[in-house]
Amino acid sequence: WRDLGLAVHALMQRVSWVEETDVERTIAEWEGAVTYEAEVRARAIEHFTRALASPGVRALLSKPEGAVQLWRERSFDIVLGTRWVTGTFDRVVVRYNDEERALSACIYDFKTDDVPAHSVQQQATLYHSQLSLYREALSRLLHIPVAAIRAVLIFTAPGTVHELALSDFVTE
């Protein structure tokens, strides 16, 4: 189901702020630009529309107040300690102060796991190490403390949101 993940990410990447997004037009434009099999396209659209219909997801994808910058599908390469880390942030919202210095950020990571809503908490534990690395990388890139970075998983199949608490992350 790698194609499904890629397809859903490509659709979600088209959303800047949910209140500015015409869902039907976004889907039509995406369908005109992709070559996925019909089943993959249909499932990706199902994930996308379910996620955008969810009040929790809509709240996260809405434009926040104040000075913010939105990153979508932004790749990074960074050395953390002795490890070379390569990844792609699905979506990051960076909050700035009046001097245009980053104050805080939130990483949103889209997951296309076929997981029922009642199992999201358990499924989220599989992603702690990935999001821990992403938080550390973003901290270095923005020059802000790791504690100033939230990490939120958006499970697109059930349209469910799970924020990882700071206590979920084990520091080594």
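The values are calculated or read from the model by the stated rules, or taken from the named source; none is laboratory data. Being a predicted model, the structure only gives us computed values, none of them experimental. A quick note on method: Cβ atoms are made from the backbone with ideal geometry, for glycine too, and the neighbour counts reach across all protein chains shown. These area figures cover heavy atoms from the full protein model, side chains too; ligands, DNA and RNA do not enter into them. Shrake-Rupley method; radii C 1.70, N 1.55, O 1.52, S 1.80 Å.
Only one entry in Ala33, Ala7 is out of contact with any strand residue (DSSP E or B) (no Cβ under 7 Å at 6 or more places or on another chain) and part of a helix (DSSP H, G or I), namely Ala7. Taking the condition in contact with a strand residue (DSSP E or B) (Cβ under 6 Å, 6 or more places away or on another chain), charged (D, E, K, R) and assigned to a strand (DSSP E or B), does Arg74 pass? So Arg74 fits the description; yes. Determine whether Glu19 is out of contact with any Asp or Glu (no Cβ under 8 Å at 6 or more places or on another chain), open to solvent by 50 Å² or more (accessible area, probe 1.4 Å), over 21 Å from Ser132 (Cβ atoms) and free of Cβ contacts under 8 Å to residues at least 24 places away in the same chain. So Glu19 does not fit the description; no. Only residues that are polar (S, T, N, Q) and assigned to a strand (DSSP E or B) were counted in the range 77-91, giving 2. Within this structure, Arg135 fails the test of being out of contact with any Pro (no Cβ under 9 Å at 6 or more places or on another chain) and open to solvent by 30 Å² or more (accessible area, probe 1.4 Å). A count restricted to the range 109-131 and to residues that are in contact with a strand residue (DSSP E or B) (Cβ under 7 Å, 6 or more places away or on another chain) and either under 11 Å from Leu164 (Cβ atoms) or assigned to a loop (DSSP other than H, G, I, E, B) (or both) stands at 8. From the residues in the range 141-172 that are modelled with pLDDT under 95 and of a type in the set (D, E, K, R), which one is nearest to Tyr96 (Cα to Cα)? Among those that are modelled with pLDDT under 95 and of a type in the set (D, E, K, R), it is Glu163. Looking at (1) closer than 26 Å to Thr86 by Cβ; (2) in contact (Cβ under 8 Å) with a residue 60 or more places away in the chain; (3) hydroxyl-bearing (Ser, Thr, Tyr), which one does Tyr36 not meet, given that it meets all the others? Exception for Tyr36: condition (2).
Of all residues in the range 139-166, those that are more than 12 Å from the chain's Cα centre (by Cα), in contact (Cβ under 8 Å) with a residue 60 or more places away in the chain and buried (at least 18 other Cβ atoms within 10 Å of the Cβ) total 4. Among the listed residues Gly87, Gly56, identify the single one that is under 13 Å from the mean Cα position of the chain (by Cα), within 27 Å of Ser129 (Cα to Cα) and of a type outside the set (Val, Ile, Thr). Result of the check over Gly87, Gly56: Gly87.
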